[in-house]
Structures are given as structure tokens and as C-alpha cells.
Amino acid sequence: MAKVSVQFTLNGAEKAEFIDSGTTLLHALRDKIGDTSPKGGCHQGTCGACSVIIDGELRLSCLTLAETCSGAAITTTSGLSEGGVLHPLQRAFLDAFATQCGFCTPGMIMAAKVLLDHTPNPSRDEVVEALSGNICRCTGYEPIIQAVLTAARSNSQNAARGESKKMELRKSYFADQRKDDLHEIGQPRPRSDSPGHVTGKTAYFADRNFPGMLHLKMVRSPHHHARILSIDISEAEKHPGVVKILTAKDVPHNVYTILILIQIGPEDETVLADGKVRWKGEAVVAVLAETERAAQEAAAKVKVDYEVLPAVFDMEEALKPGAPIVNEYHGRNYYLYDSGECRKVRFGDVEAGFASADHVLEQTYQSSPIEHAPTETTGCIVAPEGNDRFTCYTNTQAMFFTLDNASIILQMPGNRLHFVGGTVGGGFGGKVDVIVEPIAILGAKLTGRPVSFIYSRAEEMQISSPRAAEKVVIKDGVMKDGRIVARKVTGYTDAGAYSRHSPYGAQKGAGHYPGPYTIPNVWIDTYCVYTNRTPSSAMRGFGVTIGDFALEVQMDKLARLIGMDPLEFRFINAYRDGDMKAHRQPTEGAALIECMQEASRAANWPVAEKFMAMSSYAKGA
Amino acid sequence: MALALQTFSTVKDANAALKAAGTRYLGGGTLAVRAANEGDVSVSSFIRSTEPSLSAITVSGGKVRIGASVTMAAIARHPDLSSLSHAAHAVGGPAIRNMATVGGNLFAPAPYGDFTVALLALDATLSTDGGDLPIETFLVKRESIHAIVTAVGFSLPAEGSFRFLKVSRIKPKGISVLSIAAVLEQAPDGTVSSARIALGCMADRPMRATATEKALLGRILTSHGIAPALAVANDGTAPITDPLASAWYRNEVLPVHLGRLLLA
């Protein structure tokens, strides 16, 4: 591998390094020089997290070869603060709550700095345009835009500190329900992690580099459903730089399921495919090599012979008799609950309710899978320790779930596994699936070397679990006066090929319907269905969110049907403290009435005075 | 094989180096380095040239020559190319525009390559060390062209005759659903006397909308006047399907956006 010398200034300091030719500036800065403030979110020029300033121009360090930067002056976010005093942009990001996970923040600040260097008093449109190459998945952009405008104002006033935006806490609601005598809780406070985010000092799992670290790349199924006839790794093993290649037989307990920890089985998923693949993208062979490039090249030399099988992608098709069986560990294309083929909630007499209703409306709602698309991809770095223990630096959102499942999969006592979490660069529920850690630990165990397994952007988008596709059928009986007297919901959750968290998601749906409304007659069935699609799993309110979309669209349709204002219609049916929910939990702490009252004011959507006088915890009004 | 970069001071030497297997020309890196990052192991050697002419823009007597290494940002801010500024500005965010080159854009597969749509409408000529070739010829066989494109040349469009529209789903900007570039000339009575229209994302590379061009001749730019042109807007299209839009969707919305561009 040809080494080349490269010299440049980084944040004013001279740097000279010998690097491998073809190394990106991002890798050179992070792995050779140790400035980890530029982040690798996509390595394809899409997310902007790696943005740096080269000779006054904003550039993407992931697409810039380091050796083309000789003689250049490079600025990164880690170099902006001077003598411990934050740059006005950093201060403004801090004050405006413009950081959440913090992974995009260094890139955002770079883009903003170039803007303000050339345009000290930008318009809002100019700020939006300047940030248009930087993706934030957490904040919704508005606080970031406000932070840049604030920093511009503070610059123009030649002040180090911008206008600080104070968090507003509306304490008039439920004032009689609490004492409000706490010093921290209930008080506006700056986020404790923001100073690290705005200076690029927050450590994410990948901000580590161990000598001799191996890189793991996965050979994946190109088919939705196929039998594996043979796997030939002989050519790949001979490839220069390859240290170890893993197949199913190397994994001590290869068939697992995450929720077995809470007795939700059966074990139904393979760490590495064994005999069959059940979705396109399924992990088949793991390649460990000295460099990412060598691992990629060797992965291309792994030969897998498949016999393609019929696949099923549609939940209704999957539930029909004679449909291809997706997952033999279940033996049927739905999850068998202790309640039978679905989770069931029965409350009152729903058929009698429909019979007494003035109108009955049945509608079907469907959603597609949704990817979380965190700017930081799923991954971990595992370091073998001298005492036969393994330290796993991971961005999992489910630390102990992952540790315990890794212990089962590796048949290794938990006390040999040391998991180190920390700040996650955007999760949204997408990093709870115990996918990268067990195989990376196994690789470290079998090679005795540190192992890095980090999803590429393509893997993050196509391999990591999305929110499940759902189908929701809602049938309602409603009276002319606005009361809903009966609601029947049939929900279908597309788990994809494996359970992961979906049986739980479908169960949550059963508990969540009929939504935040008090309805005397309710019938709920929710199914968890297997198809040959990417396994789905958790995502912000999974099992609930799509149901809420369906329920609220249905509520609008019902209001329209009886000619009633949709907000007033919701006031009539809103649940209140003490109401019995369909799954027989009494309602507590319902604030829906007050929330809608505030929404009515904020949206300038007036409702009748009697609704504004209602209360969640005082019946009668 | 590990990646390596070879830098040559002349295009001639870089062209010679490109004859070796496993080589790829490196412009701004937004395509070539991305491919390597994403696991394309077919390329083991990047080749680039630092010949100064590659980075030059000359505008003289209504003729424009843009070196292949010129970035979108350089075009967008050039005072003599203000009519094209909008098209150059449509490419990527600020960092991408500081890196992405005209030469690279010519090779960008759909949904990328918006500026090439503009160059196709402008009837550009591409220069190589082996001679010039029209952009349409180039686009047909660009995969098999191994010579470095050194520059693009075209005549500056008459004032107000060049129109460009990029449609994306993300504001203020995102990757193209489609893009349209048009050079329209009108007679004193308002009728279209010549039309050259190019479409992006309506095939795997930029294409001419020849049926639309013909149907516009002699027509005035009113809803009624352009109706026949819109009716044939989808002639010969074979749009891409990608995560942004299906081929069906692109075909459905093309006449709508084309209509807006023509009536603007």
C-alpha cells in the first residue's frame, strides 16, 4: 500500500502525516490526526456531517482525498472555540436548543460559519440555503436556523453572547395538582450535553481507533426467500488482508429472538443465515479484514449458491391458506399469542352498539415501512481485553437487552461482556435490535483483535429494521349528537421475516385502540404477520403511531359524516380521568381536554365555550 | 487492491494512465470517491490532472468555454454566466457545489446530472484531446468514452431565452424528481421560432424532448398554445424509478412542470 505524505494546517496548527494513498480527509482527520469532530454519516456526500472548511470553502471531507489537501488551511468545529470561550455560533446553538443528538452539529456549524464569513447578516432564506446540504434528523431545523440568525445578530453587535432564548413552561395548567417547589424539575435548564455537541467533543462509539482493528463487512442475501445450497469461502479466505471469515457454524447459539428475555418466543432468527434466507439483505457470511477495502473485496469473492423460493410480501396474501411459509420456527405466517391468532380486547357489546348507532362508518388505512434514517449509522467497536473479557462500544439504545442477548448468542457469561454506550447519533428506536454486537464480539474473540462493524448508509437504509407496515380497519358507530357508541378495529402489523419487537408492537396496538376516547363498546383484534420483507421493529411509538394516524383520520371523517366541527367532536368523546379504558385500565393523568383547549387557542380554531370550560379531571363540565 | 491516487500535470499523461485497468478519473470526488466509499472495488486507481486549463472559464464573443474541473460554485458566481447561475445553483448544497465539476456532471447517472440537462438544451460541444464531439453523441456512448473531457463549449443563449427548472420533494432543495432545461426563441409576434428542450430523470441520462420541441414551433406560449406540446411531452421517455419517485409518477408530473416552465 503506497504511503504518501500530506501537510496542511488544521485549525491553525501545522500537521504532517504519512497516509495510505486514497485515504479520505475524513479518515485522515479522525483516524490519523485524532480530530473526531467531523462525523461520518453517509460517506456519499448526502448528510453533511463531515463538513469542514478548506481554504475558506465548505467541503465534504468524506469525498475529499486527504492528499489533495496538501498546503491547505483546514478548519473543523473542534477548532472554533478559543481559550475555552465558545464561538458565537457555538454559543447560539447552545442557547437556541439547536442540538439534540449532536451528530450533525459540527457539520451544521461549519456550514453556518462559511455563510457568516461571507454574509454577516444573512436573510432567513440565505440561512436555509446555506444549511441545505446538511441533514438533521432530530430538531426539525427551526432551532438551528434561529441559532444561525442569532449568531449573526450577535456578530453584528460585536458581542460574544447572542440573545438567549428561554424555554417557556406553561404552568397554569394543573396548577392545583402539584406543589412546584422543586429546584431543578420544572425549571428551564440548558441541555447538559450541548457544550460537547457544539464543540465536537461529544464522544460517539465510532470516535475510537484501536491499533490492529479489523473491519467487518457482511455478505448479504440478494434474494427475498431462498434455500442456501452451498457457501464457498475458499477464494475469499485467500484474499490479501483477510483475517477471518464467519458462517453460521461459527456462531455458538445461532438462532435467537430478542424478546426471549421476557419469555416471548420462539427463537426464530439466525445471526448468520443457516440453510435459508428469508429476506433480501439477510446476513449470510461475515468477513473480517485489515481494512474496509480488503473486507469489501473479499466479500465480493464469497460464493453462495441459492435456490430461489416463492416469496410473499403482502400481509393478506401471507395469511391465506397455501401461502409460502416465511419462517419455519413459527410454522405459520402470524405470531401465535396466548390469546390465539391475534391480541384481542373485548369491551361491552360492539354489535349492539352498531345496531343502535345513527351511522356506521368502516374505513381501511395502510402505511408503508418507515426508516429511521439516523445520521449516525448502527455500529459497534469491540476490543478484547487481557482478562478474557470484551469491551463493546456501541450505539445501541437497548444496552442490557443487547448484553443479555449477546450473552445467549455467544454462550458467554455476561460478566465477560463490558458494554459501553453513550451518546447515540440519532436512534428513534432503530438501534434496539442486537444486530451488530454479537457477531462483532465473536469476531474479536476468534481473532483476538479489535473489530469494527459499522453499517454503511445503504445498509442503514435497507437492512436496519424500519417501522412496520400496517393495515388498520376501523368500523365505528356514531350518534348524530357526536357520541361514538361502538368501535371495532382490526390491525395488521407486518413483522417482515422475523419477530424482533413486532409481536410486542402489535400487542401495544391492541392496548392503544380505541385511542384517547371513551367508547362504551369496543372490539380489537391485532395480528403480527410474517412476510419476506425486511424485519421491522421499534420506532417512536411503534404499534401506536400508525394507529393514531388511522384513528384521527377516521375521527375527521366521522365529524364530517354528522356535520360537526372535528375539534368539538373530539371534545365530546375525549377520555377523562376515571373513565374505564377498553383494556380495563382506569384513565389517569389524561390531559387531552387541556391539550385541545390550548390547540384551539394556538391554531385560532374556536370551539363552543362549554368545551373550553371542560376539564380532564372534573367530570360534569 | 488498495486505492491509490495518481496526479498528472497534463491531460495527455492522465489520459495515458487511464488506459490501465482499474482506473477512474477523479474530478470533484462526488461520484468517484463516493463509489469507492460504498464498496465499488472495481476501481483501484484514481487518476487526475491539474492542468490549469481544466479550471478556466472563458467567455468571448458570445462563446463560452468551461474547463471540465470548474465547479458548480464557480459557474454560479461567474458574472458572465448569470443566465446559467440558476442551473448550477440547483446542484447539491453549498459543499457539493464547491466540489462537483462540470466534467463529473456529464457522467452523473440519473437522478443526478442536472447541469448536463442545461448543457444538452444549450447544444454544448465537448472537448477531448482526441477532438470535439456534440453532447448528444457523447451522452449516447458516455460509458465507453475513456478520453478525459477537458471542456464544454456553447454559445451564450440570447437574453431571456434560457429556462431551467429542477423539481425536488425537499425544500429548499433535494435530489431531482426531474429537471427541465429549455432554450426558446420567439418571433416578434410571440410565436416560438426555435425550441430546444432537455429533460433530466426521464431516462437513465438527459434526453431531448424532440416531439415537444416540434409541437411548440409556431405556437404562442399560452395554456392553449402549448397544449399540443404538453400532449406529447412523454414521447420517448423511459424515466427512472428510485426512492424519490416511480417512473409512472415522473411521467405523470412531467407535463405539469413542463407547462409551468413554458408559461413562466
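The values are calculated or read from the model by the stated rules, or taken from the named source; none is laboratory data. What you see is a predicted model; the values in this text were computed from it and never measured. When we count neighbours, we look across all protein chains shown, and the Cβ atoms used for this are built from the backbone with ideal geometry, even at glycine. SASA here: full protein model, heavy atoms, side chains in, ligands and nucleic acids out. Shrake-Rupley method; radii C 1.70, N 1.55, O 1.52, S 1.80 Å.
Accessible area per residue (1.4 Å probe, heavy atoms of protein chains only) ranks B:Leu216, A:Leu336 as A:Leu336, B:Leu216, with the largest value leading. Adding -39500 (n - 2.57) for every DSSP H run of four residues or longer, then dividing by how many residues the protein assembly as shown holds, sets the calculated 222 nm ellipticity at -7500 deg cm²/dmol. Spin-label model, A:Ser70/A:Ile262: points 7 Å from Cα along the beta carbon direction are separated by 5.9 nm. Annotation: per residue accessible area for segment B:183-264 equals 46 Å², rounded to a whole number [probe 1.4 Å, protein chains only].
Would you work out what percent of the accessible area of segment A:1-148, with all protein chains in place, is carbon or sulfur (probe 1.4 Å)? Spell out each step's value before the answer.
Working: 2450 of 5130 Å².
Result for segment A:1-148: 48 percent of the exposed heavy-atom area is carbon or sulfur.
If you average the sequence gap of Cα pairs under 8 Å that are 6 or more apart and divide by the length of chain A, what percent do you get for the contact order?
12
Taking beta carbons within 10 Å but only from partner chains, what does the mean come to for residues B:87-100?
Working: counts 0, 0, 1, 0, 0, 5, 14, 14, 21, 9, 3, 10, 8, 2.
For this peptide, the per-residue mean of nearby foreign Cβ atoms is 6.
Of all lysines in the structure, the ones whose alpha carbon falls short of 20 Å from that of A:Lys171, not counting any fewer than 8 places away in one chain, are A:Lys179.
What are the DSSP H helices in chain B that stretch 15 Å or more along their long axis, judged by alpha-carbon atoms, and whose average Kyte-Doolittle hydropathy comes to at least -1.0? Mind showing how you got there, number by number?
Details: long enough: B:247-263 (24 Å, 0.34).
Taking the DSSP H segments of chain B (at least 15 Å long, mean hydropathy at least -1.0), we get B:247-263.
Site pair B:Ala35 and B:His146 shows an inter-label distance of 1.5 nm when each label is modelled 7 Å from Cα along Cα→Cβ.
Using a 1.4 angstrom probe on heavy atoms only, work out the carbon and sulfur share of the accessible area of segment A:488-540 in %. Mind showing how you got there, number by number?
Working: 590 of 1180 Å².
Percent of accessible area from carbon and sulfur atoms in segment A:488-540: 49.
Using a 1.4 Å probe, what is the accessible area per residue for chain A, in Å²? All intermediate terms of the calculation are to be shown ahead of the outcome.
Values: 25460 Å² over 621 residues.
For chain A, the per-residue accessible area is 41 Å².
Where in segment A:206-220 does the label zone of A:His418 land, with the point 7 angstrom along Cα→C-beta and an amide N cut-off under 11 Å? None, by backbone N distance to the label point.
Judged by the gyration tensor of its Cα atoms, with axes a ≥ b ≥ c, segment A:404-467 is prolate; a/c meets the 1.5 cut and a/b is the larger of a/b and b/c.
To the nearest 20 debye, what charge dipole does the protein assembly as shown have about its Cα centre, counting +1 at the Cβ of each Lys and Arg and -1 at the Cβ of each Asp and Glu?
Working: 88 positive and 91 negative charges, 87 e Å.
Roughly 420 debye, rounded to the nearest 20.
Only one residue of B:Leu216, B:Ala247, B:Ala231 has its Cα farthest out toward the positive end of the dipole of segment B:162-263, where Lys and Arg carry +1 and Asp and Glu -1 on Cβ, and that residue is B:Ala247.
For the cross-link pairs A:Lys15/B:Lys171; A:Lys508/A:Lys557; A:Lys3/B:Lys173; A:Lys238/A:Lys445; A:Lys217/A:Lys508, which exceed 29 Å when the distance is taken from alpha carbon to alpha carbon? Display every interim value, and only then the final one.
On the way: A:Lys15/B:Lys171 39 Å; A:Lys508/A:Lys557 25 Å; A:Lys3/B:Lys173 39 Å; A:Lys238/A:Lys445 21 Å; A:Lys217/A:Lys508 35 Å.
With Cα atoms farther than 29 Å apart: A:Lys15/B:Lys171; A:Lys3/B:Lys173; A:Lys217/A:Lys508.
For the modelled label position 7 Å from the Cα of A:Leu361 along Cα-to-Cβ, which residues of segment A:456-477 have backbone nitrogen atoms closer than 17 Å? Output list for this probe position: A:472-477. Considering Cα pairs under 8 angstrom that are at least six residues apart, work out the relative contact order of segment B:39-92 and quote it in whole percent. This gives 21 percent for segment B:39-92.
On the accessible surface of segment A:214-307, probed at 1.4 Å, how many percent belong to carbon and sulfur atoms? Before the final figure, lay out each step's value.
Numbers: 1850 of 3650 Å².
Percent of accessible area from carbon and sulfur atoms in segment A:214-307: 51.
Here the convex hull built on the C-alpha positions of segment B:85-217 has a volume of 116 cubic angstrom per residue.
B:Lys214: which lysines have alpha carbons under 30 Å from its alpha carbon, excluding same-chain residues fewer than 8 sequence positions away? Cross-link targets: B:Lys63, B:Lys141, B:Lys166. Computed with a 1.4 Å probe on the full set of protein chains, the accessible area for A:His418 sits at about 80 Å².
So which residues of segment B:33-55 lose at least 20 Å² of accessible area, probe 1.4 Å, when you go from the chain by itself to every protein chain present? Listed by number, the residues meeting the 20 Å² cut-off are B:Val33, B:Arg34, B:Asn37, B:Glu38, B:Gly39, B:Val41, B:Arg48.
Net charge within 10 Å of A:Gln100 by Cβ-Cβ distance, Lys/Arg positive one each and Asp/Glu negative one each, not counting A:Gln100 itself?
Working: positive: A:Arg137, A:Arg191; negative: A:Asp193.
It works out to a net charge of +1.
Here each label is just a point 7 Å from Cα along the line to Cβ, and for B:Ala20 and B:Asp123 those points are 4.2 nm apart.
Rounded to the nearest 100, the interface formed by chains B and A buries 2400 square angstrom of accessible surface, both chains summed, with a 1.4 Å probe.
If you rank A:Trp605, A:Trp523 by how much accessible surface each has, with a 1.4 Å probe, what is the order from largest down? Spell out each step's value before the answer.
Working: A:Trp605 115, A:Trp523 85 Å².
Sorted descending by solvent-accessible area, the residues read A:Trp605, A:Trp523.
Computed from the Cβ-Cβ distance with R0 of 51 Å, the FRET efficiency linking A:Arg560 to B:Asp80 stands at 0.30.
At 1.4 Å probe radius, can you tell me the per residue accessible area of segment B:4-49 in Å²?
Values: 1940 Å² over 46 residues.
Here the residues of segment B:4-49 average 42 Å² of exposed surface.
Our summary gives segment B:162-263 a relative contact order of 22 percent, counting only alpha carbon pairs under 8 angstrom and 6 or more residues apart.
For the protein assembly as shown, what does the equivalent ellipsoid look like in terms of its semi-axes, each the square root of 5 times an eigenvalue of the Cα gyration tensor, given largest first in whole Å?
Working: eigenvalues 440, 274, 190 Å².
Its equivalent ellipsoid spans semi-axes of 47, 37, 31 Å.
B:Ser82 contributes an accessible area of around 90 Å² to the protein surface, as traced by a 1.4 Å probe with all chains present. Bridgeable lysines around A:Lys39 (alpha carbons under 19 Å apart, same-chain partners fewer than 8 residues away excluded): A:Lys113, A:Lys201, A:Lys431.
Quick one: ranking A:Lys280, B:Lys173 by accessible area, 1.4 Å probe, largest first, what do you get? Don't skip to the answer; put the middle values down first.
Working: A:Lys280 110, B:Lys173 30 Å².
The most accessible residue leads, giving A:Lys280, B:Lys173.
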